[in-house]
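Participant: Here it is: the structure, laid out below.
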Amino acid sequence: MCTSSGSSIAAARVAALLLGAAPPIAALAQGVEAAYRLDPVSVTATRGLVPVVELLADVTVIGPEEIARAGVDSLTELLQRQPGVEIVQNGGSGAVSGVLLRGANRGQTLVLIDGVRVASATDGATSLEAIPLDAIDRIEILRGPASSLYGADAIGGVVQVFTRRGGDAVAASASAGYGTYRTWNVNGAVSGNAGPLRLSLQGATKSSAGFNAIVDPANFLYNPDRDGYTNGNVSAFAALPWADGQELTAQYFRSRLNAQFDGGPGSDDRTITTLDMGQVASRNRIASWWTSQLSAAVGIDDSLSQTGFGDFPFKTTQRQYTWQNELALPAGTLTAGIERREERVSSDSGFAVTARNTDSIFGVYQLSTGPHALQANLRRDDSSQYGGETTGAIAYGLRLARWLRLTAAYSTGFRAPSFNDLYYPNFSNPSLVPETSHNVEVGAYLYGTAFGGTWEARAIGYRNRVAQLINLRCDVQFNCIPYNVASALLEGVTFGIDAQFGATAIGGSLDLANPVDAQTGALLPRRAREHGALNAVHAIGPLRLGVEVVASSSRYDTEARTRQLAGYTVVNLSAEWTLSRGLTAFLRADNVLDRAYQLAADYGTGGATVFAGLRWRL
């Protein structure tokens with residue numbers, strides 16, 4: 001077990017490595033634009049396609065190659081290695097998990113699948129553990145309040161996953177692997193076209209015997225059994241360009257996770273979570289300066305908990321209708337639209353209200369002229385349940401030199417009370433109002449070439465004040481009712497670097513954060529003041545070797561600060577060997593030092609693990 005002081009030292013070492021990896025500014029040279037041309041694009045930060053290097057927001061894009069080579073078990077494990085992200089997890093990969101983005105609560109980060117919400121309206125969060133990496137083509141992480149783009153729940157930011165769509169050419173891929181805890185995974189995908197019709201299909205299945213989730217026998221939920229899981233998932237996409245500038249698309253995603261958990265001795269407790277997402281859309285170029293998209297989508301979270309006390313079903317269905325328009329103006333561009341979301345809840349718990357509708361209107365204006373860039377967002381959400389909320393954002397960027405760009409932004413956000421908060425019998429408060437946030441941030445981005453390679457370094461400082469936080473207030477008989485009673489201050493600085501020097505790629509980040517209760521100054525539960533990651537990959541002919549370090553300082557498990565979670569440092573190793581064209585063998589060893597650490601009090605993380613397999617691509 002790592003000590004708190006040991007983790008702080010580890011975090012400091014990560015910072016030293018990051019700073020030491022950056023070449024001196026005197027070494028900057030011509031040709032920086034070449035790196036820009038290879039930069040990925042993002043849609044999450046603007047609701048339109050923009051190169052990441054031109055964005056005014058703090059965004060990370062994780063592409064298909066990085067996902068394939070990550071070798072991790074779950075989406076949350078991959079997110080844990082990203083800047084500004086901490087995770088909570090009640091056991092292994094199939095256990096309930098969540099993202100704490102820039103110190104925000106689990107329910108204050110909006111999760112989208114291809115732009116569609118699939119969250120539980122009762123729990124108020126998305127079942128990240130039920131979104132498999134096999135189905136994901138890329139991931140975008142937008143940090144900072146984004147309600148002015150997407151509405152409720154984006155106080156910490158947005159995590160958007162994009163399922164596989166394939167390209168115009170015929171392609172196929174497959175992989176299979178086996179590892180610790182009898183974990184195995186098989187997946188395959190195929191894509192191609194039939195005339196103008198483009199099609200893609202993906203499917204996967206996965207299983208693990210797991211390990212005992214709760215490691216403390218004193219916990220009243222302790223059950224000395226293995227808590228494993230099985231998952232099956234499928235996704236499909238079709239696109240038909242029926243005329244120049246006119247296209248119809250349809251897509252579908254389904255994932256079913258059957259995961260065991262510790263709910264007390266002597267019973268086989270498990271939660272079966274099924275996520276469904278379907279969407280049809282028509283994208284039409286009305287004029288050279290006007291593109292319109294109409295879409296209709298449905299997202300479903302169907303959860304059934306089977307325990308020794310009975311079965312507890314909760315189902316959320318969200319229907320989402322959007323008309324979005326992209327207009328090229330004489331100066332800048334405008335993205336504007338209207339949206340309607342219909343939420344329906346089905347449960348045996350006796351909710352007094354089981355439906356709410358939200359009607360929204362939004363606009364995003366972007367302007368880039370010379371060294372200056374501007375983005376302004378405005379959105380109005382009117383809910384049948386909690387009333388109206390208006391949110392906005394404005395961001396400005398200035399390129400002082402080819403190698404230096406500065407940004408500044410102000411944004412607001414809100415989180416809607418969940419159906420549990422408002423209507424769960426005997427534990428709810430129908431008078432709750434949405435949580436709100438006001439965020440300011442500044443950023444500095446440096447780009448350069450040196451030692452035969454390219455690099456980018458960045459530093460982003462933020463201060464997000466969250467008001468009307470919903471907390472439980474309990475009496476002496478433990479009757480607990482939620483109230484808008486608290487406020488929080490989420491502030492910090494994120495440092496990052498990405499570099500490519502010949503056959504070696506280096507990336508890293510360090511978060512120095514202060515997520516605290518605004519009244520008491522106490523550190524918020526399960527948040528660390530220091531969290532960092534560093535990775536390096538080196539290619540030697542057909543062999544790729546990687547090393548990764550993830551470090552965190554200590555945290556507290558509860559607001560009362562009675563349970564301290566020790567800091568940790570985890571070392572992961574990976575290797576890939578190209579056996580022939582299209583065929584690769586891979587091996588990943590996680591937590592090779594076998595550190596025992598906890599992301600939630602009493603819940604283990606499984607120790608050292610190994611996973612190996614083959615990956616094939618046509």
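Taken together, the values in this text are just the output of simple stated rules run on the coordinates, not laboratory data. Values in this document were obtained by computation on a predicted structure and should not be read as measured data. Neighbour counts are summed over all protein chains in view; Cβ atoms, including those assigned to glycine, are modelled from backbone coordinates with ideal geometry.
Participant: How big is the dipole moment of the chain about its Cα centre under a simple scheme where the beta carbon of each Lys and Arg is +1, that of each Asp and Glu is -1, and everything else is neutral? Debye, nearest 20, please.
Facilitator: Charge dipole, the chain, about its Cα centre: 1040 debye, nearest 20.
Participant: Moving on. What order do you get for TYR423, TYR483 when you list them from fewest to most C-beta neighbours inside 10 Å?
Facilitator: TYR483, TYR423
Participant: Determine, from the Cβ-Cβ distance of ARG595 and PHE451 and an R0 of 30 Å, the FRET efficiency 1/(1 + (r/R0)^6), rounded to the nearest 0.05.
Facilitator: Step by step, r from the Cβ atoms, then E = 0.35.
Participant: OK, next. Counting alpha carbon pairs within less than 8 Å and at least 6 residues apart, what relative contact order, in whole percent, applies to the range 501-616?
Facilitator: Value for the range 501-616: 19 percent.
Participant: Right, another one. Got a sec? Charge dipole of the chain, +1 on Cβ for Lys and Arg, -1 for Asp and Glu; which of GLN260, VAL85, LEU524 is way out at the positive end?
Facilitator: About the Cα centre, the residue reaching furthest to the positive side is VAL85.
Participant: Along the Cα→Cβ direction, 7 angstrom out, place labels at PHE478 and HIS438. What is the inter-label distance in nm?
Facilitator: 4.0
Participant: Testing the spin-label approximation: label points 7 Å from Cα along Cα→Cβ at LEU49 and ASN514. State their distance in nm.
Facilitator: Here the modelled spin labels are 4.3 nm apart.
Participant: Relative contact order of the chain: what whole-number percent is it, with Cα pairs under 8 angstrom and at least 6 residues apart?
Facilitator: 14
Participant: Putting +1 on Lys and Arg Cβ atoms and -1 on Asp and Glu Cβ atoms, find which of ALA172, GLY492, THR274 reaches farthest to the positive end of the dipole of the chain.
Facilitator: ALA172
Participant: At a Förster distance of 41 Å, what's the computed FRET efficiency of TRP289 paired with GLU342, Cβ-Cβ distance as r, to 0.05?
Facilitator: Approximately 0.80, to the nearest 0.05.
Participant: Given a Förster radius of 41 Å and the C-beta distance between VAL610 and ALA467 as r, what FRET efficiency does 1/(1 + (r/R0)^6) yield to the nearest 0.05?
Facilitator: Computed FRET efficiency for VAL610 and ALA467 comes out at 0.30.
Participant: Compute the distance in nm between two label points, each set 7 Å from the Cα along the Cα-to-Cβ direction, one at PHE309 and one at ASP216.
Facilitator: 1.9
Participant: Using only DSSP helix segments of four residues or longer, with each worth -39500 (n - 2.57), what per-residue ellipticity at 222 nm results for the chain after dividing by its residue count and rounding to 500?
Facilitator: -2000 deg cm²/dmol
Participant: Still on this structure, please answer the following. For the charge dipole of the chain, defined by +1 on Lys and Arg C-beta atoms and -1 on Asp and Glu C-beta atoms about the Cα centroid, which residue among LEU618, PHE419, THR126 has the Cα displaced farthest towards the positive pole?
Facilitator: It is LEU618.
Participant: Further question: ASP359 to ALA575: extension gain in nm, 0.36 nm per residue of separation minus the Cα-Cα distance?
Facilitator: 72.8 nm
Participant: Here is a further query. Which entry in [x] 1.23; [y] 2.29; [z] 0.93 is this structure's computed Cα Rg over 2.2 N^0.38 Å?
Facilitator: Given [x] 1.23; [y] 2.29; [z] 0.93, the calculated one carries the label [z].
Participant: Let me ask you something else. Please arrange HIS372, HIS538 by how many other C-beta atoms lie within 10 Å of their C-beta, fewest to most.
Facilitator: Fewest to most other Cβ atoms nearby, the residues stand as HIS372, HIS538.
Participant: Ok, one more. Kindly rank 589-602, 123-136, 572-585 from highest to lowest mean number of other beta carbons found within 10 Å of each residue.
Facilitator: By packing density, highest mean first, the sequence is 123-136, 589-602, 572-585.
Participant: While we're looking at this one, here's another question. Over the range 72-178, what relative contact order in percent results from Cα pairs under 8 Å that are six or more residues apart?
Facilitator: Reported as a whole number, the value is 25 percent.
Participant: Fewest first, what order do LYS206, LYS315 take by the number of other Cβ atoms within 10 Å?
Facilitator: Fewest-to-most Cβ neighbours within 10 Å comes out as LYS315, LYS206.
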